[in-house]
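Okay, so here's the structure we're looking at.
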Amino acid sequence: EYYSELEKAAKNGLNINSWLNYFSDTVKIAQDIAKKEVDFVLNKTRFYASFAEKLNKRQAKMVARIFSAGRKGFEGGISTHKYESITKCSNRTASRDLSDLLEKGIITLLQGGGGRSTRYELVIVKSRNLVI
């Protein structure tokens, strides 16, 4: 795309407005991506600052797996079955751990789930004192 836009600008004589528009749009896109990456790292840091000491080893393993998915997120949320698979624990242990995380405010229920389709997601810590 870059070379295509550069070639168009070269063929337009001294009018490089289209190339400048392309270039500024590309810079804006890169800035938006960089901001999202920084926000993700800050949210991850705030999460661990708020909750790291409240997690048992299985819970910490699950949280690390969620964060390893990056800013695009953990597709489909956290289910009891996913928790079992990732932490290699029984269904009862997964249910207890998820209930514990929910009670501590570390995860929240996703909309539209119930029973076997219950899904959770990590809370986002906006500041040290405000958890949403």
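The values are calculated or read from the model by the stated rules, or taken from the named source; none is laboratory data. Worth saying up front: this structure is predicted, and the values here are computed from it rather than measured. Reconstructed Cβ throughout: ideal geometry from the backbone, glycine too, with neighbour counts over all protein chains shown. Each accessible area value is taken on the protein alone, full model and side chains, heavy atoms only, with ligands, DNA and RNA left out. Shrake-Rupley method; radii C 1.70, N 1.55, O 1.52, S 1.80 Å.
Tabulated data for the structure shown
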| item | result |
| --- | --- |
| Potential lengthening between residue 52 and residue 12 on full extension [0.36 nm per residue; Cα-Cα distance subtracted] | 8.6 nm |
| Neighbour-limited loop hits for GluC sites (Glu not before Pro), region 1-48 (at most 11 other Cβ within 10 Å; DSSP other than H, G, I, E, B) | 1 |
| Rounded percent of accessible protein surface that carbon and sulfur make up, the chain, 1.4 Å probe | 54 percent |
| Of 44/72; 8/35; 44/104; 57/104; 35/57; 61/88, those spanning more than 20 Å from alpha-carbon to alpha-carbon | 8/35; 35/57 |
| Where labels lie 7 Å past Cα in the beta-carbon direction, separation of residue 117 and residue 3 in nm | 5.0 nm |
| Label-point separation in nm, residue 33 to residue 75, each point 7 Å along Cα→Cβ | 2.0 nm |
| Per residue, in Å², the accessible surface of the chain once ligands and nucleic acids are set aside, probe 1.4 Å | 71 Å² |
| Solvent-accessible surface (1.4 angstrom probe) belonging to residue 58, in square angstrom, nearest 10 | 90 Å² |
| Positive-end extreme of charge dipole, region 68-110 - chosen from 68, 80, 93 (charges on Cβ) | 68 |
| Largest to smallest principal axis extent of the C-alpha atoms in the chain, angstrom | 71, 32, 25 |
